[in-house]
1. List the number of the failed condition for PHE265; all other conditions in (1) in the same structural domain as TYR127 (by TED's automatic domain parsing); (2) in a helix (DSSP H, G or I); (3) in contact with a Phe, Trp or Tyr (Cβ under 8 Å, 6 or more places away or on another chain) hold.
2. Specify which of the listed residues (SER41, SER82) is under 21 Å from TYR233 (Cα atoms), outside the structural domain of TRP132 (by TED's automatic domain parsing) and either assigned to a helix (DSSP H, G or I) or hydroxyl-bearing (Ser, Thr, Tyr) (or both).
3. What's the number of the condition ILE243 fails, among (1) without any contact (Cβ under 8 Å) to a residue 12 or more places away in the chain; (2) within 13 Å of the ligand (Cβ to nearest atom); (3) of a type in the set (A, V, I, L, M, F, W, C)?
4. Determine which single condition TYR310 fails, assuming it passes every other condition in (1) out of contact with any strand residue (DSSP E or B) (no Cβ under 8 Å at 6 or more places or on another chain); (2) part of a loop (DSSP other than H, G, I, E, B); (3) in contact (Cβ under 8 Å) with a residue 24 or more places away in the chain.
5. Which of the residues spanning the range 282-298 are touching a Ser or Thr at 6+ places or on another chain (Cβ under 9 Å) and either among the aliphatic types (A, V, I, L, M) or touching a residue at least 60 places away in the same chain (Cβ under 8 Å) (or both)?
6. Name every residue in the range 128-171 that is in contact with a Gly (Cβ under 9 Å, 6 or more places away or on another chain) and more than 17 Å from ASN240 (Cα to Cα), in order of residue number.
7. Please find, among ILE229, ILE271, the residue that is among the aliphatic types (A, V, I, L, M), in contact (Cβ under 8 Å) with a residue 40 or more places away in the chain and within 16 Å of the ligand (Cβ to nearest atom).
Amino acid sequence: MEQEINTNVVTEQTVSQQATVEATQEQQKPAEPEYENCSYSKLGVYEDCPFKFKLRYIDKHYVNSDSIATKFGTAAHHAEESIANCIKAGQQVNYPAIKAQYLIDMTKLQGKYYTTWYDLDKTNRTYEQKKWLYLDQMIHKLEYLLSIRPSLRVIGAEVPIRYVHNNKYLFKGSIDRVLYDDVLKKYIIMDIKSWPTINGKGDELITSLQFAVYTRAFAAANKISESDIICYYDLPFDVNTEINPEFGLPGIYQSGTKGFMKRAFAKIDKILTAIENKEFTPKTGKLCHWCEFCPTNPNQTEEGKRLCPYYCLWTNQNPTFEVANKFTTLDEYEEINAQYYGIQGGER
Ligand code: SF4
C-alpha cells in the first residue's frame, strides 16, 4: 500500500550502521560545516582519472565545463519537470507553452554552439534533428506511458534528496521523476538522460552509484524498504532500440541488477578511502582527449591549461596510447609540470 510520500520533508534516520539519510527542500543551502560535500558525479570523475579529481576538487582548478550536450539535456529536463508537475496536480498539460519555452532554449543554444549544432552524434543525428524528435513526439512520452499503463501515478518531479554517508560525506541532489505503481506496489525512480543511446553505458545499468544514493535516501526519508523501489533510466532521444515490454516504449531501461546496492556502496567506500589516502595516480587513455586539462582537447580553455603533463597523446588522427610524460610520484609533479610547459617562477 502506498503511503503518503514525503517529497519535501526534513527527516533523518539511520538505515545501516554506516549511513544516515534524510530528505529536505533545503538543498540550495550550503553544506553544514561538519560534512564534506560529495556527489556521485565527483566520484565518477575519480573513477575516470584520480589526477583529474585532484586538479578539479582538491586543488580547485574549476573550469567552466558547460557544453552543448549538458545544456541540451537541461532544456528537456525543464520541460519534463513542467509536464510531470501538471499531471501530478491533475491539470491539463500546457504543451504550447512548454514547447514555446523549449524552442526559445533551443534557439539560444543553436546560436551559442552554431559550429556543432549540425554535428552527428554516435547515432548519426544532429541536435537539430533531435530537437524536432522531442517536440513532435517524445515530449508526449510521459503522458503516453501513463495512458498505456494506468496503474502508474506521478508522485513527484525533481524530488530533493539529501544523504549523509558514514556521518561524514553529504550527497545532495534531486530525482528527476518518481512514480508509484498501484499494481506492483512499488515506487519507480526515473532518471532522464539525454544520451542518444544506451550503448556503452553498461556500468550504469548494472551498478549505478547515482541510483544507489537515490534509493537509500528516498527509502529512508519516506520510511519504506529499499526493495520497494525500482530504478529506470528514461532516454527520450533514444528511439532506435527495442520497445521496453513493461512500458510499451523505447528508451526505458531498468538499472541495478541483483545486489547492486551492496556493490555500489562498496564501490563508494573504496573510492572515498582512496581519496582520503591521497591516491591520485593519473589514469591516461583515450578519454584524456575530452578532459579539460588535456592540451589535445580542442575546447580546452585558459583555466585548464598547463596543469597536466601526464596526458595521453591520443587524437582521431593519432590513435596512440603514448603519454606526454610518465607519472612517477606526486612529489615530482611541480618539477615535471614546470619543465614540460616551460613554466618559470610563479607563472603558469
Ligand atoms: S589529461 Fe588525462 S591524465 Fe591528465 S587529468 Fe585529464 S584525464 Fe587525467
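1. Looking at each condition in turn, PHE265 falls short on (3).
2. Being under 21 Å from TYR233 (Cα atoms), outside the structural domain of TRP132 (by TED's automatic domain parsing) and either assigned to a helix (DSSP H, G or I) or hydroxyl-bearing (Ser, Thr, Tyr) (or both) holds for just one of SER41, SER82, which is SER41.
3. Looking at each condition in turn, ILE243 falls short on (2).
4. Among (1) out of contact with any strand residue (DSSP E or B) (no Cβ under 8 Å at 6 or more places or on another chain); (2) part of a loop (DSSP other than H, G, I, E, B); (3) in contact (Cβ under 8 Å) with a residue 24 or more places away in the chain, the lone unmet condition for TYR310 is (1).
5. Answer for the range 282-298, where residues must be touching a Ser or Thr at 6+ places or on another chain (Cβ under 9 Å) and either among the aliphatic types (A, V, I, L, M) or touching a residue at least 60 places away in the same chain (Cβ under 8 Å) (or both): CYS288, GLU292.
6. Across the range 128-171, the qualifying residues are TYR144, LEU145, ILE148, ARG149, PRO160, ILE161, ARG162, TYR163.
7. ILE271
So that you can scan it fast, the table gives a plain yes or no per residue for (1) surrounded by 16 or more Cβ atoms within 10 Å (Cβ to Cβ); (2) outside the structural domain of LEU135 (by TED's automatic domain parsing); (3) modelled with pLDDT under 90:
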| position | (1), (2), (3) |
| --- | --- |
| ILE206 | no, no, yes |
| PHE218 | yes, no, no |
| ILE229 | yes, no, no |
| TYR232 | yes, no, no |
| PRO236 | yes, no, no |
| ASN244 | yes, no, yes |
| PHE247 | yes, no, yes |
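The values are calculated or read from the model by the stated rules, or taken from the named source; none is laboratory data. Here the structure is a predicted model, which means the values were calculated and not measured. Quick reminder, even Gly has a Cβ in these numbers, built from the backbone with ideal geometry, and neighbours come from all protein chains shown.
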